[in-house]
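Every number here is computed from the coordinates shown, using simple stated rules; none is lab data. These numbers come from a predicted model, not from an experiment. All Cβ positions, even for glycine, are placed from backbone atoms using ideal geometry, and neighbour counts span all protein chains on display.
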């Protein structure tokens, strides 16, 4: 096996077969992955079927707390989780750039496999393409996930009512900041870890709670973008309390230095939940009982009075969080 | 809306929303596509569920008889079809290069939508990423398909027996040759059309035929690679009759000029079927009754005597078709 990926690894012949058998299939092996078939047979348990898909172009490919392989599992598994589904199956597409060291690819695929095992999902189908040197960025991944949800669960933007409460499961902006620091592009360094993780334990903890309206993971565009999605879909307003939103010191420091707003920075392991005000304490208690939710907080409310995202400052002032126009940190997922 | 795709179209904010609402959702609209949700609810009819995924990096993006948008539907829908499933749902990932003209993207997405309608599949989820100028090739796509198969259908490489007959639904190598001619890289031009198409009518025509063993679409690596997959999985040999394999004149001419072998060139709308010898005539008759199968032919047999792919020449000679080592035509899908 050569030390770098070559165009021949993508051509449908012996080299591609060796790449698939010797690397992808070896790490991703499970009873439902058969690299000989055109389509995989899946056997989900009874329930409502959900499907979602996501692409990953994060740069650099590896960063503190994660890498593109693990992220490609977390991103898709989390979209199923916040929809109230239990993630079950995953398909993986890899666009590999010619010249990528074989050892790097192996490390990333091993991380993908490990993340899939931890999230209890099976990779059942995959495809690899090799693109010429310069026409990629090492590795792009696309994953599609299938999960099952309990029938009758009512969850969605259309369930949100004025008076509902917003919760977040942990500090915001860690992932975006960690990836940015890994690039060292502003001469900044730090040991902040990405929060990238499977959020399913957090979402599963709330599923049987009466008064749960909506959940979403604040990825691209961050918490502020989730708030805007709520405003747009509900026709209501969102009021956030700045003092209540957990933000880690290094994230705050980077934002102050560079003029960023942490509420627009991506998380990859957090959940924003909207719950009936009567259920907020119980939801928060359930999250606090989990390791991943120990820093969960009540951060705001849904209001009838305006169609904006308003941030209430600690001194009692207000500022509008506008819809994101230009991304301060592209390529974070 | 700007005339070219910018990095802001991938950042999770207003520009991305406009791209998704104004272009993708507009063309792909169907009752199950809701761009507001993290995961889509799908409701397949009873049967065995199948899933498959494929990535697309064809160059150029548009070629006679197709483009990357339509191809991304055909490739995935065909993998379900040759597995014996009825394709139902599709997810789409787009990796768009900064600078791609908006009009080009719109044309490709419109073609994707049209191909999905023709194949009777619904696009239920999607994701877009924008990569910086130079780190892509205009557009890469990844699609995942879900379909349903009649329970109890026995179909697969493990069903193949010595004495079985190989059929092909039409001429081989059109797609690979058409894409190559579109590149004009050898100073060659021609009006050959790609065969890219949904093969479901062809596969559906054989599904209730007793003696149907296995179907596959000869894409990357072509007919010879499918024959090698049969040899590897069955431990048997494949004997092909050169005089029986349909190859169009322009494909033959290009192969003679460039020293290529048409049996390794990709098709994107053909099916290779392995059937019991007793069922071969009936299978062929069913294909001949379809427009897409009018040039179908019996091309070879599965043999017990060797573990090779042997091509019998018109003059009675034999040559081995080796496993593909180096692709003469990369980036054809």
Quiz item: What relative contact order, as a whole-number percentage, does the stretch B:157-320 give when Cα pairs under 8 Å and 6 or more residues apart are counted?
Solution: 42 percent
Quiz prompt | Sorted by Cβ neighbour density within 10 Å, fewest at the top, the residues B:20, A:160, A:5 | solution = B:20, A:160, A:5
Quiz item: Residue separation times 0.36 nm, minus the C-alpha to C-alpha distance between residue B:306 and residue B:319: what's the value?
Solution: 3.4 nm
Quiz item: With labels modelled as points extended 7 Å from the Cα through the Cβ direction, what inter-label distance (nm, one decimal) is found for residue B:278 paired with residue B:34?
Solution: 5.2 nm
Exercise. Using only alpha carbon pairs under 8 Å that are at least six residues apart, calculate the relative contact order of chain B and give it in whole percent.
Key: 22 percent
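Using a 10 Å cut-off around each Cβ, can you sort B:215, A:16, B:278 from fewest to most neighbouring Cβ atoms?
B:278, A:16, B:215
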Quiz prompt | Area projected by the alpha carbon convex hull of the protein assembly as shown, averaged over all directions, nm² | solution = 28.5 nm²
Exercise. Taking just the C-alpha trace of the stretch B:7-149, give me its Rg and Dmax in Å.
Key: 14.8, 46
Quiz item: How far is helix A:68-82 tilted off the main Cα axis of chain A, in degrees rounded to 10, range 0 to 90?
Solution: 50 degrees
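Using just the helices of chain B, give the 222 nm mean residue ellipticity in deg cm²/dmol: DSSP H runs with n ≥ 4 each add -39,500 (n - 2.57), and the total is spread over all residues, rounded to 500.
-8000 deg cm²/dmol
Please rank A:281, A:195, fewest neighbouring Cβ atoms within 10 Å first, as an exposure proxy.
A:281, A:195
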Exercise. Rounded to the nearest 10 degrees, what's the angle between the helix B:222-234 long axis and the longest principal axis of chain B, both from Cα atoms, 0 to 90?
Key: 70 degrees
Quiz prompt | Antiparallel DSSP beta bridges within the stretch B:7-149, percent to nearest 5 | solution = 70 percent
Practice problem: Taking each label point as 7 Å beyond Cα in the direction of the beta carbon, state the distances from residue A:3 to the same residue in the other copies, shortest first, in nm. | Solution: 4.7
Practice problem: Find every distance from the label point of residue B:188 to the corresponding label point in the other copies (7 Å from Cα along Cα→Cβ) and write them in nm, one decimal, shortest first. | Solution: 5.4
Exercise. Please give the helix A:174-183 orientation as an angle from the longest Cα principal axis of chain A, in degrees from 0 to 90, rounded to the nearest 10.
Key: 50 degrees
Quiz item: So what's the projected area for the stretch B:157-320, the Cα convex hull averaged over all directions, in nm²?
Solution: 9.2 nm²
Self-check item: Antiparallel %, DSSP beta bridges [both residues in chain B], to 5
Solution: 75 percent
Quiz item: Over chain A, what per residue volume does the convex hull of the Cα atoms give, in whole Å³?
Solution: 133 Å³
Quiz item: Counting DSSP beta bridges with both partners in the protein assembly as shown, what percentage is antiparallel, nearest 5?
Solution: 75 percent
Quiz prompt | Contact order relative to length of the stretch A:11-85, as percent, for alpha carbon pairs under 8 angstrom and 6 or more apart | solution = 21 percent
Quiz item: Using alpha-carbon positions, what is the distance between the centroids of the stretch B:30-60 and the stretch B:121-171, in Å?
Solution: 12 Å
Quiz item: Quick one: label points 7 angstrom along Cα→Cβ at residue B:295, distances to the other copies in nm, smallest first?
Solution: 6.4
Practice problem: Counting residues in the stretch A:239-297 as N, plug N into 2.2 N^0.38 Å and put the Cα Rg over that result. | Solution: 1.28
Quiz prompt | Volume per residue of the C-alpha convex hull in the stretch A:87-196, rounded to whole Å³ | solution = 191 Å³
Exercise. Take the alpha-carbon centre of the stretch B:184-229, take the same for the stretch B:275-333, and report the distance between them in whole Å.
Key: 11 Å
